Amino acid sequence: MKNQNIMFTRSIPNMSKARLFRSVLALGVVALIMQVSLPRAQAYDLSSLNGSYADSFSGFFPVSPGLPPVPPPISVYGPVDEAGLYTFDGAGGFTARLVFNFGGGAILNASWSQNVTGTYTVNANGTGTMTLTGDHRRHFVIGDGGRQLKYVGTDPTGGIVAGGSMVKQ
């Protein structure tokens, strides 16, 4: 009987070590799975746009002033190109220095001296809207983790229609 008690007490520490080893191994596997899991979708907000972005767009503007209430034919539009430097404050505001070329004529604001201001909104999925001084709007999507913007621009009062992109400097 005495011999059996010795054998029983010696096997308990061995069983505990085995259970401990299996538990640690299981926790290690769970931790590894959590590290290797698929990345989560990035949530965007106003701070996703912060700093300076180089901008370029091309589009069309109505050549004749005073648009009729119906959409004008494409023949009344001329080309417009823009280059700009936008600085976003990360809180919903921005300033921009812009240079324009309307229809191959002279460069408007060639000295880069004109400052344009505006506001912007950002949705959690990375889409948003910029509103420049006046009624110029750009509907955008943020790409590359906040390093790029792709947008379409509209100007309900002036009729400019454009598309472009921005790259963080």
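Just so it is clear, none of the values below were taken in a lab; they were calculated from the coordinates. Quick caveat, the model's predicted, so the values are computed rather than measured. Note: ideal-geometry Cβ built from the backbone for every residue, glycine included; neighbour counts use all protein chains shown.
Annotations
- Every residue from segment 96-122 that is over 14 Å from residue 136 (Cβ atoms) and β-branched (Val, Ile, Thr): 99, 107, 121, 122
- Any chance residue 74 is more than 26 Å from residue 169 (Cβ to Cβ), free of Cβ contacts under 8 Å to residues at least 24 places away in the same chain and surrounded by fewer than 15 Cβ atoms within 10 Å (Cβ to Cβ): yes
- Filter pass, residue 127 being closer than 22 Å to residue 45 by Cβ and either of a type in the set (Gly, Ala, Ser) or touching a residue at least 60 places away in the same chain (Cβ under 8 Å) (or both): no
- Selection within segment 100-109: residues that are touching a strand residue (DSSP E or B) at 6+ places or on another chain (Cβ under 6 Å) and on the phi < 0 side of the Ramachandran plot. The member of this set that is surrounded by the most Cβ atoms within 10 Å (Cβ to Cβ) is 100.
- Against the conditions (1) aliphatic (A, V, I, L, M); (2) within 13 Å of residue 166 (Cβ to Cβ); (3) touching a Leu at 6+ places or on another chain (Cβ under 6 Å), residue 83 satisfies every one except (3).
- In segment 76-169, counting only strands (runs of 3 or more DSSP E) that sit wholly within it, the ones holding 2 or more residues that are of a type in the set (Asp, Glu) and over 14 Å from the mean Cα position of the chain (by Cα) span 77-89.
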